[in-house]
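Undergrad: Here you go, one structure.
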Amino acid sequence: MTSRRRDRSGVEFPAEVGDDPPQSCPVCGYILKATGRCPECGASPETITSLDRGARRRIGATVTAFWILVALYLPQCWIFLMPGSWSLYRWSWIEIWPVMPGFIPGLVGGRMLFDVGWRDPLAIAMMAAATVGLAVGAFFIARRGPRRRVIVCWGLFLAGAVHGFILYGLYAA
Ligand SMILES: [Zn+2]
């Protein structure tokens, strides 16, 4: 038995860290290229190695969930940033903000399946389902590693930006 182990990036960790050495900082998710203090958040090597597998997993899941929510909802913040008055029309869009990441799937699904417009409760329910589906699907892909998390969150963010741009077109029409 060797006394040290290597992770996929070739970084050596003491054997007592176990079969699952941290490839990323357990505190902030930064991809660690060497042992020692995390260059991103400054977590000490003691902190990094003291967290057991379960604790790292819980923190990783929280960080992943946080970034997915940011990537999903940040591009839909246009409705709050638009110039112009806070009209009832605008508030009618803000009302559906929680399901806005799934707006277009819900709109298309509501039209095709139920032949209803986007303000129909059936369409709103489909937007909610699409939003939850996106968030959960992205979570399970992103939690498999820090690189996947970066790719998934950027993908969500860029798709969301295009989506938000189309919605703004509908809003302003
Ligand atoms: Zn860190």
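Undergrad: Given the options Phe157, Phe66, Phe103, Phe114, name the one that is of a type in the set (Phe, Trp, Tyr) and in contact with a His (Cβ under 8 Å, 6 or more places away or on another chain).
TA: Phe103
Undergrad: Can you confirm whether Gly36 is on the phi > 0 side of the Ramachandran plot, surrounded by fewer than 16 Cβ atoms within 10 Å (Cβ to Cβ) and either near the ligand (Cβ under 8 Å from one of its atoms) or modelled with pLDDT of 75 or more (or both)?
TA: The answer is yes for Gly36.
Undergrad: Same structure, new question: Has the stretch 102-123 got at least one residue that is closer than 22 Å to Gly29 by Cα, of a type outside the set (Ser, Thr, Tyr) and not assigned by TED's automatic domain parsing to the domain that holds Pro26?
TA: no
Undergrad: For the stretch 53-73: of the residues being over 9 Å from the mean Cα position of the chain (by Cα) and without any contact (Cβ under 8 Å) to a residue 24 or more places away in the chain, which is nearest to the ligand (Cβ to nearest atom)?
TA: Restricting to residues being over 9 Å from the mean Cα position of the chain (by Cα) and without any contact (Cβ under 8 Å) to a residue 24 or more places away in the chain, the top hit is Thr62.
Undergrad: Going through the stretch 74-103 one residue at a time, which ones are in contact (Cβ under 8 Å) with a residue 40 or more places away in the chain and among the aromatic types (Phe, Trp, Tyr)?
TA: Trp78, Trp93, Phe103
Undergrad: Of the residues Leu158, Leu107, Leu72, Leu167, which single one is within 30 Å of Arg53 (Cα to Cα) and either at pLDDT 95 or above or surrounded by 14 or more Cβ atoms within 10 Å (Cβ to Cβ) (or both)?
TA: Leu72
The values are calculated or read from the model by the stated rules, or taken from the named source; none is laboratory data. Note that the coordinates shown come from a computational prediction; the quantities given were computed from them, not determined experimentally. In this analysis, Cβ positions are derived from the backbone assuming ideal geometry, glycine residues included, and neighbour counts consider all displayed protein chains.
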